[in-house]
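Here's the structure we're looking at; comments come further down.
The values are calculated or read from the model by the stated rules, or taken from the named source; none is laboratory data. Predicted model, so just to flag it, every value in this text is computed and none were measured. So basically every Cβ, Gly included, is an ideal-geometry build from the backbone, and we count neighbours across all protein chains shown. SASA here: full protein model, heavy atoms, side chains in, ligands and nucleic acids out. Shrake-Rupley method; radii C 1.70, N 1.55, O 1.52, S 1.80 Å.
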Amino acid sequence: MKKTIAIVALVVLVAVASVLGTLAYLTSTDTVKNTFTVGKVNITLDEAEVDMNGVAVTPAKRVKKNEYKLMPGHEYTKDPTVTVLKGSEESYVRMLVTVTFEKPLTDAQLSMNLDSIFTGYSAKWVRAGKEINTAKTVITYEYRYDATVSADETDNKLEALFTGIKIPDNWENDDLAAIGGFEIEIVAQAVQADGFDDADAAFAAGFPTPSPAPVEP
């Protein structure tokens with residue numbers, strides 16, 4: 001009888017252990033998967049290809065560089081144009097026009113509005129700054145597009161900054177000789193608009209080189 005009870009007890013214990021082994025904690029699982037797509041700001045700068053006399057070539061072609069033989073009273077094609085490429089985020093855009101002279105300019109020459117040699121300015125571009133180096137051989141003008149720009153499904157071609165160059169009629173050979181030859185370099189820059197209060201803050205953060213001094217009233 002005692003042996004039978006012991007066997008029954010063992011069976012009961014085994015049965016209890018088997019039941020407990022099938023129990024599990026109450027749980028639940030959920031997942032959030034984040035996909036990040038990097039935004040971009042992408043622009044190009046070009047101008048119409050011209051011959052030495054500043055006449056646009058045929059067929060028309062866009063290039064990064066031109067050479068001119070300047071004479072007083074003549075007008076030459078030059079149309080620096082920024083294109084905001086498809087997929088670019090909303091951004092501020094500017095152009096820095098740097099004129100480098102072979103010879104130092106006199107105070108009288110510096111007092112002239114030298115950027116008046118550029119003709120056909122677009123009202124969409126606003127001159128925001130001007131800077132002259134200490135050697136008086138380099139002048140940099142800053143022009144900003146008057147609104148933020150973006151490009152979703154297609155490229156966004158902005159208005160040309162200007163359309164030509166003309167040496168004033170009253171500039172004679174002596175005036176040109178006093179100034180010497182010069183080179184014009186144009187740099188286009190764009191900075192995302194999101195996260196900045198204004199264009200000043202955006203360009204200051206986006207580019208380490210200080211902007212030209214603000215234009216005098």
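The table below lists the values:
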| read-out | value |
| --- | --- |
| The stretch 95-152 - charge dipole about Cα centre, Lys and Arg +1 at Cβ, Asp and Glu -1, debye rounded to 20 | 100 debye |
| 15 Å beta-carbon shell around Asn156, net charge (K/R +1, D/E -1) | -4 |
| Accessible area (Å², 1.4 Å probe, nearest 10) - Thr137 | 30 Å² |
| Neighbour net charge for Ala123 - beta-carbon separation under 9 angstrom, K R +1, D E -1 | -1 |
| Peptides ranked, highest mean first, by Cβ atoms within 10 Å: ranges 62-70, 91-99, 114-122 | 91-99, 114-122, 62-70 |
| Entries in Lys61/Lys130; Lys69/Lys136; Lys64/Lys103; Lys61/Lys157 that, when Cα-Cα distance is taken, lie over 20 Å | Lys61/Lys130; Lys69/Lys136; Lys64/Lys103 |
